[in-house]
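Beneath this line is the structure, given in structure tokens, with notes to follow.
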Ligand code: SF4
């Protein structure tokens, strides 16, 4: 077979396979460009199984571009909570506003408009134009580059922009006339179901007969990808402070930057891991930072280690240590662990700890229950407030556990 035939075999077999094997996904039930657009944004860095319920809820809540444009930003972020990479949601809404304003609320079949939308890069633009409008535009992401590297036995580093540009040219050539929508989805589907990153199922692959990587025995070596830098570790100390009613003190993140305008426990970054690990130094640092924020009166001695959690972003790895006020969750966590060690249930330990703390008048830590003198951006929340506000995953997990009384389950073992 010559190169032209190898390409034509690939396109033809892949398309036929896709027509039989494609998954029934909610965004495939329509050609509505808005549905395709939202699904493609959600699918960036996120698995299909995770996206499906988010997509369905998002469409029920914001059924049109205009509805999305007119929604309060907090509601959009709340609907995105748990998907991560929140700038995607903000960009989506900003782009929806632009379409509502300049294009009557309908995404136009116009490459320059689609490619110019906030948050839409070359892959997403190609996906929208081909899937929704049938335009012969390539949609090349990491999955597609993996498939093409293997099938054509390409050794170039897919982390390099020049390789992506070359792959886009190749993918464009491969699109059969009039079949851009199905063909691009077929490529993505092959990468998701058969030509998977670690162990490609070559024996089930519709293009195995002429896969150059497979024929060379190199299917698991390809694609070539230079390693990205590992995420930088950051050690953070967070305060879990409660008022006498059990409400928790939280603050809103700044207007821009990572996780903009989401809510979190007040916290500080330790200058080095040793400080974070040291009970005395960690609590002193956190108490000093609260004081500097205008939350005077939290003594280092009153803070103790109640839980650990972590979150990995693309460039950052947060190690979060939560310090609670003595007599509150600190005692509860400790009692739960001690009760389990003594053969009782953790719940029994928790109940006993709450009872003892309450008897001593130490059910929580109070700065200012009325909230009158809290610094700007701070507030007290109860369980209902927690459900309404939008949180980064790591704080959502911690606070959900706190309000359901199971924080001791993620407490450190002493
Ligand atoms: S034969 Fe194997 S390596 Fe080649 S495209 Fe198919 S699954 Fe991927």
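In the set (1) buried (at least 19 other Cβ atoms within 10 Å of the Cβ); (2) more than 16 Å from the ligand (Cβ to nearest atom), the condition left unmet by residue 162 is number (1).
For residue 170, indicate whether it is crowded, with 16+ Cβ neighbours inside 10 Å, under 30 Å from residue 109 (Cα atoms), within 12 Å of the ligand (Cβ to nearest atom) and assigned by TED's automatic domain parsing to the domain that holds residue 14. Walk me through it before giving the result.
On the way: crowded, with 16+ Cβ neighbours inside 10 Å: yes; under 30 Å from residue 109 (Cα atoms): yes; within 12 Å of the ligand (Cβ to nearest atom): no; assigned by TED's automatic domain parsing to the domain that holds residue 14: yes.
So residue 170 does not fit the description; no.
In segment 105-115, the condition of being crowded, with 19+ Cβ neighbours inside 10 Å, touching a helix residue (DSSP H, G or I) at 6+ places or on another chain (Cβ under 8 Å), in the same structural domain as residue 208 (by TED's automatic domain parsing) and over 30 Å from residue 204 (Cβ atoms) is met by at least one residue.
Would it be correct to say that residue 259 is closer than 30 Å to residue 89 by Cα and either within 9 Å of the ligand (Cβ to nearest atom) or more than 21 Å from the chain's Cα centre (by Cα) (or both)? For residue 259, the condition - closer than 30 Å to residue 89 by Cα and either within 9 Å of the ligand (Cβ to nearest atom) or more than 21 Å from the chain's Cα centre (by Cα) (or both) - is not met. On the stretch given as segment 147-162, residues that are within 16 Å of residue 210 (Cα to Cα) and either in contact with a strand residue (DSSP E or B) (Cβ under 7 Å, 6 or more places away or on another chain) or part of a helix (DSSP H, G or I) (or both) total 5. Within segment 63-81, the residues that satisfy the criterion of being loosely packed, with under 15 Cβ neighbours inside 10 Å and either under 17 Å from the mean Cα position of the chain (by Cα) or in contact (Cβ under 8 Å) with a residue 24 or more places away in the chain (or both) are 70, 73, 74.
Across segment 189-206, the qualifying residues are those that are surrounded by fewer than 20 Cβ atoms within 10 Å (Cβ to Cβ) and more than 10 Å from the ligand (Cβ to nearest atom), and the one among them that is farthest from residue 21 (Cα to Cα) is 198. Among the residues of segment 207-222, those identified as within 33 Å of the chain's Cα centre (by Cα) and either free of Cβ contacts under 8 Å to residues at least 24 places away in the same chain or more than 10 Å from the ligand (Cβ to nearest atom) (or both) are 220, 221.
Checking each residue of segment 134-141 against the condition of being in contact with a helix residue (DSSP H, G or I) (Cβ under 8 Å, 6 or more places away or on another chain), assigned to a helix (DSSP H, G or I) and surrounded by 16 or more Cβ atoms within 10 Å (Cβ to Cβ) gives no match. Just one of the listed residues (279, 186, 238, 270) is out of contact with any strand residue (DSSP E or B) (no Cβ under 7 Å at 6 or more places or on another chain), on the phi < 0 side of the Ramachandran plot and either away from the ligand (no atom under 16 Å from the Cβ) or in contact (Cβ under 8 Å) with a residue 60 or more places away in the chain (or both), namely 186.
The values are calculated or read from the model by the stated rules, or taken from the named source; none is laboratory data. Because the structure is a prediction, the values reported are computed rather than measured. Here Cβ is always computed from backbone atoms with ideal geometry, including for glycine, and neighbour counts include all displayed protein chains.
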